[in-house]
1. Determine whether the stretch A:223-242 contains at least one residue that is β-branched (Val, Ile, Thr), part of a loop (DSSP other than H, G, I, E, B) and within 25 Å of B:Trp105 (Cα to Cα).
2. Looking only at the stretch A:136-164, count every residue that is small (Gly, Ala, Ser) and in contact (Cβ under 8 Å) with a residue 24 or more places away in the chain and tell me the total.
3. Return the residue satisfying two criteria in turn: it lies in the stretch A:98-109 and is open to solvent by 10 Å² or more (accessible area, probe 1.4 Å) and within 8 Å of chain B (Cβ to nearest Cβ), and of such residues it is nearest to the chain's Cα centre (by Cα).
4. Between A:Ile168, A:Ile131, A:Ile123, which is at negative phi, assigned to a loop (DSSP other than H, G, I, E, B) and not aromatic (Phe, Trp, Tyr)?
5. If I ask for residues that are of a type in the set (Ser, Thr, Tyr) and open to solvent by 10 Å² or more (accessible area, probe 1.4 Å), which ones from the stretch B:1-24 would you list?
6. Would you say A:Val116 is without any contact (Cβ under 8 Å) to a residue 60 or more places away in the chain and facing another protein chain (nearest Cβ under 9 Å)?
7. If you take the residues of the stretch B:76-102 that are hydrophobic (A, V, I, L, M, F, W, C) and touching a Pro at 6+ places or on another chain (Cβ under 8 Å), which of them is nearest to B:Ala4 (Cα to Cα)?
8. Based on what the data block shows, is A:Ile138 assigned by TED's automatic domain parsing to the domain that holds A:Gln191 and within 21 Å of the chain's Cα centre (by Cα)?
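The values are calculated or read from the model by the stated rules, or taken from the named source; none is laboratory data. Predicted, not measured: the structure shown is a model, and the values here were computed from it. Positions of Cβ are generated from backbone atoms using ideal geometry, with glycine treated the same way; all protein chains shown enter the neighbour counts. Quick note on the areas: whole protein, heavy atoms, side chains included, nothing else; ligands and nucleic acids left out. Shrake-Rupley method; radii C 1.70, N 1.55, O 1.52, S 1.80 Å.
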There are 2 protein chains.
Amino acid sequence: MNPAARIYLVGAGPGRADWLTVRAATLLAQADVVISDRLVSREVLTKINPTAEVVLLEEDHGNRERRQLRILHLLEAYARRYRCVVRLKGGDPFVFGRGAEEWAWLVQRGWAVEVVPGVSSAIALPASAGIPPTFRGISSAFAVVTGCLRGGAEPSWERYAQVDTLIILMGVSRRAQIAGALIRAGRPAEQPCCFIENGATPRERIIRATLGEVAGGLCHVNSPAVWVVGDVVSLKDQLRGIATQPTTSILATDHAEHPASPDSLSEPELGLR
Amino acid sequence: MNPAARIYLVGAGPGRADWLTVRAATLLAQADVVISDRLVSREVLTKINPTAEVVLLEEDHGNRERRQLRILHLLEAYARRYRCVVRLKGGDPFVFGRGAEEWAWLVQRGWAVEVVPGVSSAIALPASAGIPPTFRGISSAFAVVTGCLRGGAEPSWERYAQVDTLIILMGVSRRAQIAGALIRAGRPAEQPCCFIENGATPRERIIRATLGEVAGGLCHVNSPAVWVVGDVVSLKDQLRGIATQPTTSILATDHAEHPASPDSLSEPELGLR
């Protein structure tokens with residue numbers, strides 16, 4: 001154990017480097033090593049201290065428990081060697097993503113941990129696209145739900161079906177099944193919903209449909225996407241209806257709503273150290 | 001109308017200045033005028049450009065509609081005079097707080113608007129206190145709900161009662177009534193809950209109780225506080241059980257869990273321009 005080491009659990013936010021917190025940006029610039037999830041954007045990764053070691057964790061394939069244990073041992077191995085160890089997670093580290101599990105494990109092993117919350121993709125990506133999670137008279141509550149439970153179990157959609165706005169993460173691949181379950185649980189088939197695909201990146205794409213259309217398999221979406229279900233989706237026309245209108249030009253430039261070409265979806269390798 | 005003006009709807013985050021986004025910090029440093037909610041922390045307000053005009057809006061008393069219209073006209077009046085007008089809101093501007101209403105109104109009036117999401121107090125304050133909104137095997141969803149609807153209407157608590165983790169904002173004054181409604185809607189009376197009072201400030205205070213104790217009026221809390229209901233509250237002992245333990249020293253120093261003295265609750269006047 002290295003008593004000088006500190007491990008930072010840091011939220012990278014939705015992807016824009018200037019949506020990092022000041023604390024996160026400072027830590028990335030000072031880090032000796034950054035262990036980052038694959039989904040963290042390239043724009044954020046460019047803010048890492050150029051002399052730091054960078055470990056990009058692979059996507060989830062195969063045994064998730066074994067992978068998680070490997071990450072924890074990796075964090076510990078780096079904390080024995082370095083002083084400033086940053087564990088970087090997309091969005092906020094405590095909205096899914098096992099941030100709190102890593103925190104609990106590290107505290108139990110006696111490591112000094114600081115947590116740095118991030119702007120949550122679940123809220124910021126819809127909101128900046130013109131779909132606020134709450135709006136007086138339309139939505140007085142929102143729920144954030146995962147579409148994918150461990151062991152492939154099915155979330156109990158009837159428990160969430162009555163919340164005004166539903167924000168579903170990791171639900172793209174099972175969207176038809178989820179939309180069907182929500183309709184059976186009492187949600188109107190004509191209710192609008194919206195996917196924000198590759199949010200806050202130059203490849204952002206907004207896909208709108210009704211819940212019934214999604215249930216019928218009529219809606220093509222690629223992961224990762226944040227999925228919002230609820231009447232707040234209709235506010236988009238007022239807030240960011242026309243991407244090129246001058247009133248939203250900064251956001252429109254940064255998040256052009258063009259359809260992603262198939263090529264743009266294959267991420268080129270990052271030239272990382 | 002001043003075509004050079006831009007109005008920025010900016011989230012101030014939960015209170016710590018280093019939890020501001022880089023974009024928010026940059027805009028505060030460049031602003032010609034900042035129109036800020038009262039609840040934004042003093043620490044954040046010190047980051048404002050020292051030559052900027054600062055308008056601190058009063059708390060909500062009396063007619064909310066008239067107050068809201070006054071804010072909109074104020075924003076517009078400043079946008080006619082200045083180039084960089086920042087509307088600063090605590091937490092994230094689109095989690096309650098009427099951020100999207102202001103956005104819609106300004107867009108309709110033809111103003112150039114940029115939105116800057118913030119770290120949401122609803123997620124970050126509980127999480128940094130050791131209560132993550134989600135945790136594998138304990139909570140696969142959370143809902144954020146207001147305890148206070150317009151016109152004094154009662155939220156339909158049975159619609160939210162089955163979501164694993166409930167995060168209730170603006171619910172302190174009606175906590176006994178809300179806890180009772182949640183128990184009647186099927187939530188166990190022995191379920192743990194927790195208030196984070198004055199979160200992310202030196203006066204932070206954590207108050208734990210069961211839902212039944214809150215319903216019975218046994219729990220003393222002051223506004224503002226984020227209220228979390230659910231089994232994730234029990235994770236606090238693993239994550240930040242003892243505030244002074246070395247593993248969490250940075251956070252423990254910044255957010256000491258001491259009971260606030262009555263004096264410390266009266267905010268001294270801010271020496272603002």
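1. Yes, the stretch A:223-242 contains a residue that is β-branched (Val, Ile, Thr), part of a loop (DSSP other than H, G, I, E, B) and within 25 Å of B:Trp105 (Cα to Cα).
2. Result for the stretch A:136-164: 6.
3. Result: A:Arg98.
4. Going through A:Ile168, A:Ile131, A:Ile123 in turn, the sole match is A:Ile131.
5. Of everything in the stretch B:1-24, just one residue is of a type in the set (Ser, Thr, Tyr) and open to solvent by 10 Å² or more (accessible area, probe 1.4 Å), namely B:Tyr8.
6. No.
7. Here the answer is B:Ala100.
8. Here the answer is no, as A:Ile138 does not meet what is asked.
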